[in-house]
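A.B. asks: Following this message is one structure expressed as structure tokens.
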Amino acid sequence: MKTFPVIGDKPEDPSSIPYELAELVYQAYSSQFSGQSLERIGQRGGFGASEMDLLLPSWRTILALGKIPKKGEQYGECNRTVCKQLGASWYNSSTQRFYCKSCAMKINEYNPGLCVRQDPTNFND
Ligand SMILES: [Zn+2]
């Protein structure tokens, strides 16, 4: 399995993560910053664990699950086609897909209660 290096801050931090997870973190990174490619970040030692906590708060959960979420899946990208928000935690019982908080709120304006938050933690709201 292709991996990506992690600069740990605590003893329990991993020294690497699956490359697919790094790509998800990079998606969050590149929505806020520009410049460095994922490859370049890897050459410079990788993402810092605490940096990833800010960029993609659900990364540890995704790592523990061992499965990279696709668009519309829990913790993945919001299911709305035009929305790129990561950390989707709101479950729509009609589409049976996950949405970001802002899209879930819009859906609930028209169909109150349709989207319900599934994440027991405080990841990305
Ligand atoms: Zn959204």
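A.B. asks: Which of (1) closer than 12 Å to V6 by Cα; (2) touching a helix residue (DSSP H, G or I) at 6+ places or on another chain (Cβ under 8 Å); (3) in contact (Cβ under 8 Å) with a residue 40 or more places away in the chain does L86 not meet, given it meets every other one?
C.D. replies: (1)
A.B. asks: Does G66 satisfy the criteria of being more than 16 Å from the ligand (Cβ to nearest atom), in contact (Cβ under 8 Å) with a residue 12 or more places away in the chain and of a type outside the set (S, T, N, Q)? Steps first, please.
C.D. replies: Working: more than 16 Å from the ligand (Cβ to nearest atom): yes; in contact (Cβ under 8 Å) with a residue 12 or more places away in the chain: no; of a type outside the set (S, T, N, Q): yes.
Considered against the rule, which asks whether it is more than 16 Å from the ligand (Cβ to nearest atom), in contact (Cβ under 8 Å) with a residue 12 or more places away in the chain and of a type outside the set (S, T, N, Q), G66 comes out as no.
A.B. asks: Evaluate segment 55-63: report whether one residue or more is exposed (fewer than 13 other Cβ atoms within 10 Å of the Cβ) and either assigned by TED's automatic domain parsing to the domain that holds E23 or free of Cβ contacts under 8 Å to residues at least 24 places away in the same chain (or both).
C.D. replies: Going residue by residue through segment 55-63, those that are exposed (fewer than 13 other Cβ atoms within 10 Å of the Cβ) are none.
No.
A.B. asks: May I ask you to verify whether P14 is assigned to a loop (DSSP other than H, G, I, E, B) and surrounded by 12 or more Cβ atoms within 10 Å (Cβ to Cβ)? If you could, list the steps in order and put the result at the bottom.
C.D. replies: Working: assigned to a loop (DSSP other than H, G, I, E, B): yes; surrounded by 12 or more Cβ atoms within 10 Å (Cβ to Cβ): yes.
When the stated conditions are applied, P14 passes them.
A.B. asks: When you go through (1) under 20 Å from S30 (Cβ atoms); (2) within 10 Å of the chain's Cα centre (by Cα) one by one for C100, which number turns out not to apply?
C.D. replies: C100 satisfies all of (1) under 20 Å from S30 (Cβ atoms); (2) within 10 Å of the chain's Cα centre (by Cα) except (2).
A.B. asks: Between R97, R80, which is near the ligand (Cβ under 8 Å from one of its atoms) and not acidic (D, E)? Show your work before the answer.
C.D. replies: Numbers: R97 fails: near the ligand (Cβ under 8 Å from one of its atoms).
That would be R80, the only listed residue that is near the ligand (Cβ under 8 Å from one of its atoms) and not acidic (D, E).
A.B. asks: I'm trying to understand the selection: among the residues of segment 85-94, which are within 8 Å of the ligand (Cβ to nearest atom) and either surrounded by fewer than 20 Cβ atoms within 10 Å (Cβ to Cβ) or among the hydroxyl-bearing types (S, T, Y) (or both)?
C.D. replies: Taking segment 85-94 and keeping what is within 8 Å of the ligand (Cβ to nearest atom), we get 85, 88.
If the condition is that a residue be within 8 Å of the ligand (Cβ to nearest atom) and either surrounded by fewer than 20 Cβ atoms within 10 Å (Cβ to Cβ) or among the hydroxyl-bearing types (S, T, Y) (or both), then Q85 is the only one that fits.
A.B. asks: What number of residues within segment 24-42 satisfy the criterion of being of a type in the set (S, T, Y) and either within 12 Å of K84 (Cα to Cα) or modelled with pLDDT under 90 (or both)? Quick ask: steps written out before the conclusion?
C.D. replies: Of the residues in segment 24-42, the ones of a type in the set (S, T, Y) are 26, 29-31, 34, 37.
When the remaining residues are screened for being either within 12 Å of K84 (Cα to Cα) or modelled with pLDDT under 90 (or both), the result is 30-31, 34.
Adding up the residues that qualify gives 3.
The values are calculated or read from the model by the stated rules, or taken from the named source; none is laboratory data. For clarity, every value in this text was computed on a predicted model and none was experimentally measured. A quick note on method: Cβ atoms are made from the backbone with ideal geometry, for glycine too, and the neighbour counts reach across all protein chains shown.
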